[in-house]
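The values are calculated or read from the model by the stated rules, or taken from the named source; none is laboratory data. Just so we're clear, the structure is a prediction, and the values are computed from it rather than from any experiment. A quick note on method: Cβ atoms are made from the backbone with ideal geometry, for glycine too, and the neighbour counts reach across all protein chains shown.
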């Protein structure tokens with residue numbers, strides 16, 4: 001029998017966590033320390049009334065699992081050739097230090113901060129008297145951004161982006177704005193100052209993300225950026241959206257990678273999404289009736305199910 005992917009209920013955290021441990025526990029990227037951040041993400045999904053399809057939630061979780069995989073330092077007890085734990089003369093465990101690439105499920109910075117790309121160099125951002133903002137790039141090109149996120153050129157022939165490693169011109173050095181870099185941040189990698197401006201306005205944050213790009217690494221905003229982009233095709237999603245890949249009987253986890261990064265590791269992420277789909281089905285529509293989802297009060301200030309984040313929402317406060 002085909003699964004019914006339409007679902008507007010919540011997911012039971014206890015079942016979700018156990019299913020996650022059971023299904024991912026032996027996978028090379030598994031990281032038990034990431035579970036608290038994973039549950040934060042699940043709560044954000046639970047509160048997003050626009051996420052009405054289990055496949056959408058599964059693909060967001062898989063994307064975050066892949067995009068936030070980072071080198072993590074681990075300490076493990078050494079073992080002898082027979083597999084028995086080693087201890088020193090004082091009876092203390094002999095520990096080995098190793099670095100492993102593991103899922104963190106928390107918002108992260110882009111590895112390398114976009115080095116070599118045309119968005120790597122910082123720009124200067126200055127508030128203007130009318131509430132708009134001026135952006136000056138290192139090659140002297142200037143732009144004006146309204147509070148609604150509309151971008152216009154202030155210098156003739158201005159083109160976004162500068163050559164990485166180039167020398168800044170006098171107009172840049174003389175500009176009084178604050179200096180920020182707009183490399184990838186978040187659950188998905190939001191890049192370019194223009195995307196920070198337009199996406200911030202679209203999710204009810206005005207120009208806050210442009211004026212403080214580190215906000216994109218807070219879970220609520222990182223989630224809003226990802227959800228908005230995948231639902232609408234705006235910002236990082238390059239015109240691609242959920243409904244293109246998951247609608248009716250359509251279930252294209254491989255193709256959905258185009259929302260984030262072309263076809264890069266599309267099959268790897270699709271395989272992760274397949275497992276998360278099973279986890280969500282078990283924790284949502286297929287859960288035993290005896291498991292009632294607990295009332296969650298751990299994310300104070302977030303909207304209850306049925307609410308939606310806006311510029312006035314407590315979601316961001």
Among helices (runs of 4 or more DSSP H) entirely inside the range 157-243, those with 1 or more residues being in the same structural domain as residue 138 (by TED's automatic domain parsing) and over 16 Å from the mean Cα position of the chain (by Cα) are 170-174, 193-202, 208-211
Please work out which one of (1) under 20 Å from residue 208 (Cβ atoms); (2) under 22 Å from the mean Cα position of the chain (by Cα) is the condition residue 147 fails and give its number. (2)
Residue 93 is checked against (1) in contact with a strand residue (DSSP E or B) (Cβ under 8 Å, 6 or more places away or on another chain); (2) under 30 Å from residue 186 (Cβ atoms); (3) not assigned by TED's automatic domain parsing to the domain that holds residue 169 and fails just one. What number does that condition carry? (2)
If we only count helices (runs of 4 or more DSSP H) wholly inside the range 1-84, which ones have 3 or more residues that are in contact with a strand residue (DSSP E or B) (Cβ under 9 Å, 6 or more places away or on another chain)? 54-67
Given the conditions (1) touching a residue at least 12 places away in the same chain (Cβ under 8 Å); (2) over 26 Å from residue 69 (Cα atoms); (3) surrounded by fewer than 21 Cβ atoms within 10 Å (Cβ to Cβ); (4) touching a strand residue (DSSP E or B) at 6+ places or on another chain (Cβ under 9 Å), every one holds for residue 152 apart from (1)
